[in-house]
Structure formats: structure tokens, C-alpha cells
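To start, the structure itself, in C-alpha cells.
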Amino acid sequence: DGRLTFYPGNQTVDLPFINLMKSYGTVFLNAYTNSPICCPSRAAMWSGLFTHLTESWNNFKGLDPNYVTWMDLMEKHGYRTQKYGKLDYTSGHHSVSNRVEAWTRDVDFLLRQEGRPMVNLTGDRKHVRVKEADWRNTDRAVNWIKEEAVNLTQPFVLYLGLNLPHPYPSPYAGENFGSSTFLTSPYWLEKVTYEAIKIPKWSSLSEMHPVDYYSSYTKNCTGEFTKQEVKNIRAFYYAMCAETDAMLGEVISALRDAGLLKKTIVVFTADHGELAMEHRQFYKMSMYEGSSHVPLLVMGPGVKEQQQVPSVVSLVDIYPTMLDIARIPVPQNLSGYSLLPLLRGKADENEVSPRGPRPSWVLSEFHGCNVNSSTYMLRTGKWKYITYSDGHSVLPQLFDLSADPDELTNVAEKFPVVVHSLDKMLRSVVNYPKVSSSVQEYNKRQFISWKQSLGQNYSNVIANLRWHQDWLKEPKKYENAIDKWL
């Protein structure tokens with residue numbers, strides 16, 4: 001959650017290396033994902049293109065494996081490149097169940113798709129390495145810096161993709177378990193200030209926006225939660241962020257020990273945030289700040305120190321920025337704009353890119369599971385405008401983030417002129433009713449071919465996906481709903 005990298009969010013947990021990057025570099029106060037789920041977001045970051053252009057509609061449909069990423073271009077221009085850990089831009093981690101859930105989101109049924117979010121404390125006060133796979137990848141990156149980078153005569157670019165802070169799979173029956181356990185050790189939990197944790201306000205279920213209600217239900221969050229349960233989920237999530245910060249610290253320390261820190265640019269960001277029980281949801285897949293607002297910090301030579309940038313930026317800006325840093329010509333077809341002028345603290349008019357000035361808005365969109373409609377978000381100034389599907393069948397939302405940072409009051413009906421002008425601006429960027437319609441067609445096609453591939457087994461397989469507990473109560477009813485949809 002990007003808000004943890006600046007005040008007041010950073011009062012809840014000790015993140016020493018994020019703070020170090022703030023002191024010696026620049027923090028972006030309004031950085032957003034272009035799609036709040038792993039694979040589509042990473043597809044945008046590695047391609048520099050919006051989601052409706054990559055057509056990365058869900059967590060297993062990403063970029064073509066041969067797509068030329070910014071790292072490929074840097075390699076072509078003489079950079080030594082190295083990648084470790086989670087990449088997920090051609091396809092993300094997913095089960096058959098995740099796929100079917102994404103394809104059938106337009107079907108008129110409500111089925112729980114996730115395990116109820118919970119916490120789990122493991123080990124003792126000495127247990128530092130909770131997420132072992134991430135630590136192994138961090139060790140590999142650190143060793144590469146010590147053994148390879150230090151001897152290079154050419155410039156290098158190193159990428160380390162972490163899984164944390166991400167809920168862990170919690171085992172329960174059905175095809176692939178639900179990812180919904182926030183797991184940490186006492187060592188990390190001690191870095192969290194419990195008193196500073198805000199318990200989010202919830203609208204009553206009956207007052208929720210219909211798309212939010214669907215998401216809350218499928219994420220198994222519509223039941224009763226005590227204040228303590230909500231506080232614990234948030235605390236454990238912050239503890240997982242502290243563990244992530246320590247991995248960042250290992251990389252920074254390795255660069256310093258190798259004498260490379262002063263001549264290396266370090267970028268820290270994420271594919272999406274975590275709602276951690278805000279708006280009666282956990283996970284991502286939402287345009288609310290907890291899910292769509294990402295961290296973005298940069299430090300290194302030429303980067304202004306102790307700078308906070310209020311401009312809205314997004315992950316598609318990474319591609320042109322990396323090329324700009326490397327002095328490689330930036331392709332003109334990108335959705336993003338280089339952040340270099342902002343990083344140097346020269347956001348004035350003579351720093352305008354060849355493509356003209358940076359737009360005053362950012363776009364995020366979502367087409368995957370746990371949300372029963374394609375969603376589009378335009379953030380500009382104090383406004384966040386969220387619209388769905390064809391723009392008519394589901395009511396839009398408008399939030400004034402300066403007056404209502406917790407996004408509790410939809411003011412779309414109160415400001416019809418603002419809605420109209422933001423909708424016009426959005427349509428000038430993307431013909432969203434058309435995109436929504438092509439996603440619906442894609443979902444149907446994919447579902448039909450999956451169904452045909454199962455033959456006689458279809459009824460049994462679909463009944464035993466992650467939603468089995470709900471489905472098995474009335475299997476015929478749900479099969480009929482799918483037939484009606486088809």
C-alpha cells in the first residue's frame with residue numbers, strides 16, 4: 001500500500017529502508033497501478049502500455065512472451081541484465097478456479113471464492129526469515145551484486161521481484177486453497193505500533209455499491225468480524241511490509257558494501273496494494289486507495305533528495321523512465337511518460353518530453369476475478385472517478401480525496417458536471433464500453449472452450465472449484481445460471 005511510504009501511513013510500522021530512500025531520494029505521493037492485480041499490472045509496467053492495449057484481462061493472460069520489455073532494450077544497448085524472483089508479466093500465479101472465476105464474473109450468481117481472511121503467528125522473536133522463497137531470491141540478488149556487479153565494466157540493471165507483502169494460501173478443501181492468511185512472526189509484529197492502527201469505517205451491506213458488495217461476498221468478508229480481528233489483519237499485514245523492507249535493506253547494503261550505492265539508481269515499487277479490511281475487503285482488485293495506490297521511491301545520482309512529488313504517476317511510466325535514465329531513445333507509442341524531469345526536481349515547462357507535457361491524470365482498469373464488471377478509474381487533482389461496464393448499467397462513483405481520503409462518500413450525484421467532464425476525459429483515453437464488451441466476449445469464448453475440453457466431466461469439475469461450499473448446496477441452480485449466461 002503506497003500510503004505506508006509517507007505520513008501519516010508510515011506511523012503504523014517501522015520501515016527503516018523505505019525511510020532511508022525518502023531521505024536520500026524522492027517519494028511519489030500519488031503513484032497508481034494501471035490494473036490492481038499481479039499479472040495485468042506487471043504487463044503494464046514491463047510494456048509501458050495501458051491494460052486495454054496489452055489486453056491482459058486477468059491473472060493468467062499477460063504479455064506475449066516475445067514482447068520487448070524495457071529490460072530487453074537496455075540489454076540490447078549494452079546493459080548487463082539480471083532478474084530474480086517474481087516476474088509474472090506473461091502469466092501470474094493462478095489455478096483453474098481463478099480462471100473460471102474470472103470468466104464467469106458476468107454470470108448472475110454470488111459464490112464465495114476465497115477463504116475467510118485470518119492471521120497466523122509463526123516462530124518466535126528470533127524468527128526473521130518468514131517468507132523463505134523471497135529471502136532466497138534476495139540472497140541471490142545480493143550475491144550477484146557482490147560477485148558480478150562489482151566486477152562489471154558495463155552498466156547493469158538488476159530486478160528483484162518479491163512476493164511479500166501478500167496473503168499466504170490457507171489450506172481448505174476445493175481446487176487450490178484460498179490465499180487469505182496473513183502470516184508473520186513475533187520478530188516483525190513487534191515493529192508495528194498497534195495504537196496507531198486505524199480501524200476502517202464500513203458501510204452497511206445494504207448501502208454498499210453493488211460491485212463492492214459482490215467483491216466483499218466473493219472475498220468471504222460479508223460475515224461478522226470483531227474489531228480485534230480487523231486490527232490483527234491490519235497489524236499482520238504491516239508486519240509483512242516490515243519484512244519486505246528488510247529485503248530492500250539487504251540490497252541497499254550490498255550496493256553500499258560493494259562501493260556501488262553512490263552510482264546506482266534504486267527504484268522501489270509494487271504491482272498493487274492491499275485493502276487489509278478497508279471497505280470490508282482484503283486483497284486487491286479494487287480502485288480504492290488501499291488496492292490501487294502503490295509505493296514509488298527512487299534514489300541515486302541525479303535524483304533530488306528529500307523530495308515529495310504530488311503529481312499523479314503510474315506504473316506505465318517505469319518503461320520510459322528506465323530508457324531515459326539509460327539515454328536510450330524512448331518509443332513514441334507508450335502510454336507512460338518519463339519520470340526523470342520530476343526526479344531531478346525540474347518539473348517546469350522546459351523539461352517537457354517530445355510527446356508534450358505529462359497528462360494531469362492517471363488511468364487504472366480491472367477486468368479479472370472477484371469483481372463482476374470491468375472497472376475504470378481516472379484520478380486527476382482531488383477527484384477519483386470510477387465507472388463500470390458500459391457506463392450506464394452500473395452507477396459510477398466519484399470521490400473527493402481531499403475532503404474524503406477514506407472514500408466513504410460517493411458524490412457522483414452531487415457533482416454531475418464533474419462526472420460528465422471526467423467521463424469525457426476518460427473516453428478520450430479509452431473507449432471503455434467497447435473494451436468492456438470485448439472482455440465479455442473473451443470470457444465467454446474462454447469458458448466455452450474450457451467447458452468443451454472437459455466433456456462429461458464438466459459438472460463434477462465445476463462443482464469442486466474453490467466455490468464448492470456454496471455451489472454444492474444447489475448445483476443445478478448454478479449450472480442453469482451459466483447456461484442462461486451462455
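Some notes on this structure:
- Scanning the range 106-122 for residues that are out of contact with any helix residue (DSSP H, G or I) (no Cβ under 7 Å at 6 or more places or on another chain) and open to solvent by 10 Å² or more (accessible area, probe 1.4 Å) gives Arg116, Met118, Asn120, Thr122.
- Restricting attention to the range 90-103 and to residues that are open to solvent by 30 Å² or more (accessible area, probe 1.4 Å) and at pLDDT below 80, the residue that is nearest to Thr54 (Cα to Cα) turns out to be Thr90.
- Unmet requirement for Gly62, which otherwise passes all of (1) open to solvent by less than 10 Å² (accessible area, probe 1.4 Å); (2) out of contact with any strand residue (DSSP E or B) (no Cβ under 7 Å at 6 or more places or on another chain): (1)
- Of all residues in the range 203-220, exactly one satisfies the criterion of being acidic (Asp, Glu) and crowded, with 19+ Cβ neighbours inside 10 Å, namely Asp212.
- Hey, Pro329 over 30 Å from His420 (Cα atoms), without any contact (Cβ under 8 Å) to a residue 24 or more places away in the chain and assigned to a helix (DSSP H, G or I) or not: no
- Note on the range 296-321: residues that are open to solvent by less than 10 Å² (accessible area, probe 1.4 Å) and of a type in the set (Asp, Glu) total 1.
- Put simply, of Thr409, Thr387 the only residue that is surrounded by 15 or more Cβ atoms within 10 Å (Cβ to Cβ) and among the β-branched types (Val, Ile, Thr) is Thr387.
- Test result for Asp324, assigned to a helix (DSSP H, G or I), in contact with a Ser or Thr (Cβ under 6 Å, 6 or more places away or on another chain) and at pLDDT 95 or above: yes
The values are calculated or read from the model by the stated rules, or taken from the named source; none is laboratory data. Predicted model only: the values in this text are computed from it and were never measured. Glycine also receives a Cβ, built like all others from the backbone with ideal geometry; neighbour counts cover every protein chain displayed. Each accessible area value is taken on the protein alone, full model and side chains, heavy atoms only, with ligands, DNA and RNA left out. Shrake-Rupley method; radii C 1.70, N 1.55, O 1.52, S 1.80 Å.
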